[in-house]
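To start, the structure under review is shown below, and the notes come after it.
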Amino acid sequence: MRQKQSRTAEFSAALRSTGTPKQQLERLNRWLEVALNNMVRGLSMFDAQQRLILCNDLYRKIYNLPERLTRPGTPLAEIVRYHAKHESAGGSPKDIEKQRKWIAQHVAALQRGKSFTHTQHLQGGRTILVTNQPLSDGSWVDLQEDITERCLAEQKISWLAHHDTLTELPNRFHFHERLEAALGSLAQDDGLAIHWFDLDRFKAVNDDLGHLFGDALLRSIGARLRRVVREPDFVGRLGGDEFAIIQTHVTQRRQAIHFAERILRILNKPHQVMGHKIDVGASLGIAMALDRGANAEDLLNMADVALYEAKSRARGRYAFFETDRGYEQRTRRRLESDLKAALAQEQLELHYQPIIDADTGNVTSCEALLRWKHPQLGAIAPGDFIPLAEETGLILAIGDWALRQACRDAASWPDSIGVTVNVSAMQFIGSNFYDGVSTALRLSSLAPQRLELEITESVLLRDDAQTLATLHKLRERGVRIALDDFGTAFASLSYLRSFPFDTIKIDRSFARELPRRVDCAAIIQSVSSLARSLNMRSVIEGVETSEQLAMLKDKGCDQLQGYYFSKPVLAREVEELLVRVHGANDGRGMP
Ligand code: C2E
Ligand code: CA
Ligand code: CA
């Protein structure tokens, strides 16, 4: 400070050493002008009324201001307006209003003694660093520094740090950074997939044709990838002939598979490199993440393992990271919480599939089959969510709902048509199942004789007296009991003796194998005759073709079910279905 004061004093002394006060003032002005115009920064000063006090040449040049706007006393607003008009190619009333607000805020802050630094991007591509420094009397100084070159250099350095110069794709570091960010910001019902791939014959190409050729090939691959992978998806070169893509917004495997197939198709097209047509091919590993905060490193490792797997199977293929228990657990957890909501939100539905009398060809009943219309995942098959519902106990509420809904639907059908409802073993645990069935019957006013419950051997597997008692009680009430999926377990025959079933449903695998295996026909025939001798009806499910139907003739099955007659249909389509089947049949019996 002392030094500064003394320097100012030296300056004053030098100024006053010769000449009249007027000459001294002229000298001062000259010195000031020389100093200002030799600065490497633009400089301007404004007074407390926001009028220009002075500015240097560089200031004028940076903003390309006309002479008249650089005269002392020019209002800041005028300079800004001119600037806005020329910089934002318009100066619309909205722009001007925005500028006005900006100045007001800026000046208010300066007058509170706050200093600023901000960057301005001018139209010609220049970048200016502006510093506003307030002075004690409400005036302030603006300094403008042209940092265009510095920014470009910085950008260049940053680009080089984030990209692979050969293919111009993001490099491993950048890819990692991006993956971490994507995982960290995954929305609740969102997911992503990593596709990691490498070229199948790259080493051979490199060895046979040389590195220059290899580089050109990699550039060609890079160019293809840049063309097909679009934001917000992200592609990078991880090194050598390894590349990876972040596919965003993926929640289902088939979306990832679809994408992988597309990428492989594109990479597998021959490349035109330095006058050669070359076919390298690629293999690809996929890993998926469905949870926010999943670990990027883990995910990349999974994709790497999957890639290895893909390569070991066959070239030019993809593979999923299969042993990803974490993934399965997460999917499960998510489905579990969704399933809880599904009932309340009426996403569950019953579809009905007719069961046909083998002699008359008429519909005797319809089997109720659950469907889940998941809002994001689409239709989920019962095979995918019933086991989950069983493990979590949700099957109790779902089973109850299905019973009531099926009884209610069936009550609107003709009296001759029954309804069959599948029941899980778990529903028998506890003592409420009988009451549940009673309530469903009472609420729907459905005759108990029209209801049949399908159980599997697993219900009897527990061998407890209570389950058997419940089944007997239901039968006494008039409800029928069917043994479903017969023939899929070893002990099937012994279970036939443990309870007087009304119906045996022979598992659909028998119908499927029928045309190829003679023993299937024999088994179907003997189960049917066994059923008859035990006073039970037999149903064969899964009849899909007329060939199967022809082979089932004379095998003694009482009833038939399968796509040949009808796929499961919506509840509201049942009536139409009955008309269709009966109309086609028209009392003529089975074809
Ligand atoms: P399931 O009881 O053996 O039901 C028959 C399954 O075979 C149904 O599959 C049906 O759509 C299918 N199907 C019918 N005809 C044909 C055919 O000609 N060919 C072939 N390939 N398949 C045919 P879905 O609807 O996927 O049901 C699968 C299983 O889910 C059912 O097997 C049943 O065990 C269970 N399930 C369905 N609804 C319920 C329910 O309300 N409660 C319980 N506990 N389980 C249910
Ligand atoms: Ca069934
Ligand atoms: Ca079955």
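The values are calculated or read from the model by the stated rules, or taken from the named source; none is laboratory data. Predicted, not measured: the structure shown is a model, and the values here were computed from it. So basically every Cβ, Gly included, is an ideal-geometry build from the backbone, and we count neighbours across all protein chains shown. Remember, those area values only see protein heavy atoms, side chains included, never the ligands or the DNA or RNA. Shrake-Rupley method; radii C 1.70, N 1.55, O 1.52, S 1.80 Å.
Observations, loosely collected:
- Whole-number Å³ per residue for the convex hull built on Cα positions in the chain: 303
- Where region 487-591 is the region considered: accessible area per residue in Å², 1.4 Å probe: 55
- Stokes-Einstein translational diffusion, region 193-292 - Kirkwood Rh over all Cα pairs, 0.692 mPa s, 37 °C, in µm²/s: 233
- Cα-based radius of gyration for region 154-323, normalised by 2.2 N^0.38 Å, reads 1.01.
- Given the chain, longest segment not containing exposed loop chymotrypsin sites (Phe, Trp or Tyr not before Pro) (DSSP; at most 14 other Cβ within 10 Å): 1-489
- Calculated accessible area for region 40-146 comes out at 58 Å² per residue, all protein chains present (probe 1.4 Å; ligands, DNA, RNA ignored).
- Debye equation applied to the C-alpha atoms of region 343-585, log10 I(q)/I(0) at 0.08, 0.12, 0.16 Å⁻¹: -0.29, -0.68, -1.26
- Taking every alpha-carbon pair within region 452-539, the share separated by more than 16 Å comes to 52 percent.
- Computed on the chain, with alpha-carbon pairs under 8 angstrom and 6+ residues apart, the relative contact order is 8 percent.
- Rounded to two decimals, the Cα-based Rg/Rh of region 482-591, with Kirkwood Rh, is 0.99.
- Of the accessible area of the chain, computed with a 1.4 Å probe over protein heavy atoms only, carbon and sulfur atoms account for 52 percent.
- Per residue, the chain reaches -15000 deg cm²/dmol at 222 nm when only DSSP H runs of four or more residues are counted, each adding -39500 (n - 2.57).
- In the chain, a dipole from Cβ-located charges (positive for Lys and Arg, negative for Asp and Glu) runs towards its positive end, and of Pro66, Thr360, Ala584 it is Pro66 whose Cα lies farthest in that direction.
- Anchor Lys277: lysines whose Cα lies under 25 Å away (excluding residues fewer than 8 positions away in-chain): Lys203, Lys269, Lys311
- Counting only DSSP beta bridges whose two residues both lie in the chain, roughly 70 percent are antiparallel.
- Cα pair distances of region 40-146 binned at 10 Å [whole percent]: 15, 49, 34, 2
- Orientation-averaged projected area, Cα convex hull of region 283-419 (nm²): 12.4
- Assigned charges on the beta-carbon of Lys, Arg, Asp, Glu; the chain dipole about Cα centre (debye): 2880
- Taking all Cα pairs closer than 8 Å and separated by 6 or more residues, the relative contact order of region 100-250 comes to 20 percent.
- For region 1-64, the relative contact order comes to 21 percent (Cα pairs under 8 Å, sequence separation of at least 6).
- Accessible area per residue, Å², region 360-457 with all protein chains present, probe 1.4 Å: 40
- Percentage of interatomic Cα-Cα distances in region 391-447 larger than 12 Å: 64
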